[in-house]
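Handing you this structure, nothing more for now.
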Amino acid sequence: MNVTELPFKLMLEPTAFKSFQATKRIVRRLSDMQAYFRDKDAVDEILANSDRMLYEFLEIEGEENQSLSFGMTTIFPGTIGNEFHMTKGHFHTLEEDGPEIYVTLQGQGKLILLSRAGQEQVLDMEVGSISYILAGWAHRTVNVGQEDLVFLSIWPGQVGHDYASIAERGGFPKLIVPGENGPVAIENSTFSRCEEEV
Ligand code: S6P
Ligand code: ZN
């Protein structure tokens, strides 16, 4: 039986998704994200020993209009050079754009946001926090803690994911790196603003 054929409930806890069969499981390793980290020597050094798993996400995909997709992402702790493990980050596709809600279930994170018009924001993620991502805002999550960062996400089912626009801009405006008193957001020198942006 496909779990989406009948109503169901899950507990709001980090292990919830282990109890059913997700329709999609994606694992991203360092080899999938070499271009995303700025310290290329650190990338090469780690890859020479092992292809580290950075995060995984499990999804139940809603494929029809007015359906909802939802998923659970686990970002494992660690750094590549001085950047924390993070997701690729994406815009939702322009044609079928839609908002998204994240609920943090475990760990400490930062949510980096960038609107198509060039506005930017960084929000803290901590256990019990709910983040509302407006339609049109790209989003990347970063694990800034010592344990897994686990969060639930809910978004319109028909929405696609646009990773290319992030790559074209050279990433997000901010990088999250360790500081003396905890994680800090610094300017990303490879990020390029479009001329029409604010
Ligand atoms: C989907 C939602 C999340 C991400 C997941 C992995 O709209 O934002 O489920 O897909 O956290 O991130 P990414 O950027 O590799 O898709
Ligand atoms: Zn998304």
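Relative to 2.2 N^0.38 Å, what does the C-alpha radius of gyration of the stretch 9-53 come to as a ratio? Two decimals please.
Relative to the 2.2 N^0.38 Å estimate, the stretch 9-53 comes out at 1.68.
Something else: Express in nm, to one decimal, how much length is gained between residue 123 and residue 23 on full extension, taking 0.36 nm for each residue of separation and deducting their alpha carbon distance.
Here the segment from residue 123 to residue 23 would lengthen by 33.1 nm.
Hey, another quick one. Separation of the stretch 32-67 and the stretch 125-198 by C-alpha centroid, Å?
Result: 14 Å between the Cα centres.
Something else: Between 0 and 90 degrees, rounded to the nearest ten: what's the tilt of helix 40-49 against the longest Cα principal axis of the chain?
The helix 40-49 is inclined about 60 degrees to the chain.
Further question on the same structure: Using a simple spin-label model with points 7 Å from Cα along the Cα→Cβ vector, what separation in nm is obtained for residue 192 and residue 64?
4.4
Using a Gaussian network model on the chain with a 10 Å cutoff between Cα atoms, which of 85, 139, 161 fluctuates the most?
161
Same structure again: Hand me the trypsin sites (Lys or Arg not before Pro) from the stretch 96-160 located in a DSSP loop with no more than 13 other Cβ atoms within 10 Å, in residue order please.
Qualifying residues, ordered by number: none.
A further question on this structure: For the stretch 92-163, what mean projected area does the convex hull of the alpha carbons give, in nm²?
Mean projected area for the stretch 92-163: 4.6 nm², to one decimal.
Still on this structure, please answer the following. For residue 24, which lysines qualify as cross-link partners when the Cα separation must be under 18 Å and same-chain residues fewer than eight apart are set aside?
In chain and number order, the partners are 88.
How large is the convex hull of the C-alpha atoms of the chain per residue, in Å³?
Taking only Cα atoms, the chain has a hull volume of 126 Å³ per residue.
Could I ask something else about it? At 7 Å along Cα-to-Cβ for each site, give me the label-to-label distance between residue 101 and residue 51 in nm.
Simple spin-label model gives 3.7 nm for this pair.
A short reminder: the numbers here are calculations on the coordinates, not readings from a lab. None of these values were measured; they are calculated from a predicted model. Glycine gets a Cβ as well: all are built from the backbone with ideal geometry, and neighbour counts include every protein chain shown.
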